[in-house]
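Let me begin by presenting the structure, written as structure tokens, before commenting on it.
Bear in mind that the values in this text are calculations on the coordinates, not laboratory data. Bear in mind the structure is a predicted one, so any value in this text is a computation, not a measurement. Every residue, glycine as well, gets a Cβ built from its backbone with ideal geometry; the counts of neighbours run over all protein chains shown.
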Amino acid sequence: MSLAIETKDLSKSFGEVHAVQKINLKVREGEIYGFLGLNGAGKTTTIRALLGMISPSAGSVKVLGQNIDSGGRGPWKDIGHSVEKPAAYPELTVKENLEIARRLQGISDKNAVERVISQLKIALYANRKAGHLSTGNFQRLALARALLHNPKLLILDEPASGLDPAGVVEIRELLKKLVKEKGLTVFMSSHILTEVSRLATRIGIIHEGHLIEELDAKKLEAMRSQRLEVRTNQPELAESILKKAGYSVNLNNDLLILQDDRALEHPENIATLLVNEGSPPTRLSLEQENLEDHFLRLTGAKS
Amino acid sequence: MKLFLAAFWAEILKVRRSKVPLLTTAGFLILPMVSGLFMIILKDPEKAKELGIISMKAQLIGGSADWETFFGMMNMGTGIAGLILFSIITAWVFGREFSDHTAKELLALPTARWKIVSAKLLVTMLLPLGITLLIFVVGMGIGYAVDIPGFSRELFWRSFGSLLLIAILTTMLMPLVALIASIGRSYLPPLGWAFLTMALAQIAAVMGWGEWFPWTVPSLISEVGGELPEPLGIHSYLIVIFVFIIGVITTLIWWQKADQAA
């Protein structure tokens, strides 16, 4: 499968600040790539480099098979984008903002504006000035502009930001549909982990300018660490029983936590052991680290 | 060409929907009104005093109540105020893209950046010229209403030519204002620049080397209502053309090459 986005050792510094360093991204055509990172991690800088808005200090960027240079040339007729917070001319209506975008995109189909207005469900606000829109509808306008020219690749920076929960679900379903029906590739940055996990097929995690992990979303599920949590009426006794049996145990607020493979693979042995030794478990559960915890552990934001 | 026209259409739509050009025109309208007022006063100072328009000690600039003085006032006003008013328009055309965060929407498009910037530069020239023509028409109306004596077709065309030249030369100083609005990513730096150049232009005029200072050149044309005792040398025009070319080229290069990270 060919690559929609490929960066090789992409680095960008602003004076002494190294915004991104040696980023090697590979986004395959037809996938939804979630680009995760904390604020200031380098997500927007990477996106701006993908769109030719900044020139890399080192490395190269290729989008839809075309090298992106600093002169602003690129396969833009096939790329829809929304960078950082959504923007529009406040004194112009939704329709006029989209009409400007239609003309600058060189789209001859005059119905394109009506199509995206209906697709993004902003028909009610079509003649409202953009400056009078709610944050959510402003975001929809930005997405409408990004989808106006039926792009092959959509590059979105925090697309769910500002949307209400229903809007988030709606946009997610729309993107899934476009990927499925039209083979669209989506590269989206976010710090909303649950949103990324629900939508992305691949995930890259960026931290302090470095791409620290890149993997399939399914693999991420498997990689998230597991632990066995055990409660008994005599936690200290249970702890000594388990330690005597060679398990590594942490006692935390009367909760026994085991993370070694032996315990995770055969939790029933733990139950049997504790029952036989006279400290039967009152609760025994296999817990999986949630995505937030995994992300924070990776980025070192949580010890 | 189609995409350039699309960019130009977009700029015209922004102008039509904004209050900034309208307010600038309104500000500029003060010029023919004040010129007309001066004509009323010059025509009959005693009556003006009776009407309470001027007080006993009011001092008026020299001149008489005729079309030549009226056109002279209009041209001089355009030469001096034009620098500020045209800069406001230019600062708005370019600076608003940063204030509204819309600049990033102009960068990765099938319409090349230079076409968008050229369309903007064209608007920063055409709009001030249009406003100047409107002000001239209003001025003519006021002149007729006040019934100023001494009109001649020859004087009209000479003054009109001077006004156009003043306006064109002033708009040629605008690309540099556009560059400063772009680099400064706001309205304020170009407005600061406009006031600075206006002040320097006055100093240069007083020092006697205004013909070498591009920001003074337009007001030198206006100084005597088209009747220059010593016509401006070619070097004065060349220096304005030089500033224009530098402004256009650097603005285009900036939009093409500068990092758009903010």
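What the table below lists for this structure:
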| read-out | value |
| --- | --- |
| For the protein assembly as shown, share of DSSP beta bridges that run antiparallel, in % to the nearest 5 | 65 |
| Violating pairs (Cα-Cα greater than 28 angstrom) within the set A:Lys12/A:Lys110; A:Lys26/B:Lys14; A:Lys12/A:Lys177; A:Lys43/A:Lys152; A:Lys12/A:Lys121; A:Lys110/B:Lys120 | A:Lys12/A:Lys110; A:Lys26/B:Lys14; A:Lys12/A:Lys177; A:Lys12/A:Lys121 |
| Helix-only [θ]222 nm of the protein assembly as shown, DSSP H runs n ≥ 4, -39500 (n - 2.57) each, per residue, nearest 500 | -17000 deg cm²/dmol |
| Gained length - A:Lys77 relative to A:Leu3, 0.36 nm times residue gap less alpha-carbon distance | 24.9 nm |
| Dmax and Rg, reported as Rg then Dmax, of the range A:31-170 (C-alpha, Å) | 15.4, 46 |
| Placed amide H near A:Val20: partners under 5 Å, 5+ positions off or other chain | A:Lys12 |
| Principal semi-axes in Å for the range A:224-299 [√(5λ), Cα gyration tensor, largest first] | 23, 12, 11 |
| Leading residue at positive end of dipole, the protein assembly as shown (Cβ point charges), from A:Thr272, B:Thr171, A:Gln226 | B:Thr171 |
| Contact order normalised by residue count of chain B, Cα under 8 Å, 6+ apart, percent | 27 |
| Per-selection Kirkwood Rh - chain A (Cα, Å, 1 d.p.) | 21.8 |
| Relative frequency of Cα-Cα separations exceeding 31 Å in the protein assembly as shown, percent | 61 |
| Helix axis angle, A:165-182 relative to chain A longest principal axis, alpha carbon, degrees | 70 |
| Ranking of B:Met39, B:Met198 by count of other Cβ atoms within 10 Å, fewest first | B:Met198, B:Met39 |
| Whichever aspartates and glutamates have a C-alpha closer than 16 Å to that of A:Lys22, once near sequence neighbours (fewer than 8 apart) are set aside | A:Glu6, A:Asp9, A:Glu208, A:Glu213, A:Glu214 |
| Label-point separation, B:Leu129 to A:Glu114 (7 Å along Cα→Cβ), nm | 3.8 |
| Chain B: DSSP helices with Cα axial extent of at least 30 Å and average Kyte-Doolittle hydropathy no lower than 1.0 | B:20-43, B:113-146, B:234-257 |
| Shielding of A:83-89 by partner chains, average beta-carbon count, 10 Å | 5 |
| The range B:2-257, dipole about Cα centre (Lys/Arg Cβ +1, Asp/Glu Cβ -1), debye to the nearest 20 | 1220 |
| Order of B:Lys120, B:Lys257, A:Lys62 under a 10 Å beta carbon neighbour criterion, fewest first | B:Lys257, A:Lys62, B:Lys120 |
| Euclidean distance of C-alpha centroids, the range A:1-22 and the range B:122-169, integer Å | 56 |
| On Cα atoms only, tilt of A:267-276 relative to the major axis of chain A in degrees | 30 |
| Among A:Leu147, A:Ser134, A:Val63 the positive-end extreme of the charge dipole of the range A:3-222 (Cβ point charges) | A:Leu147 |
| Residues B:Ile241, A:Ile23 arranged by fewest to most Cβ contacts within 10 Å | B:Ile241, A:Ile23 |
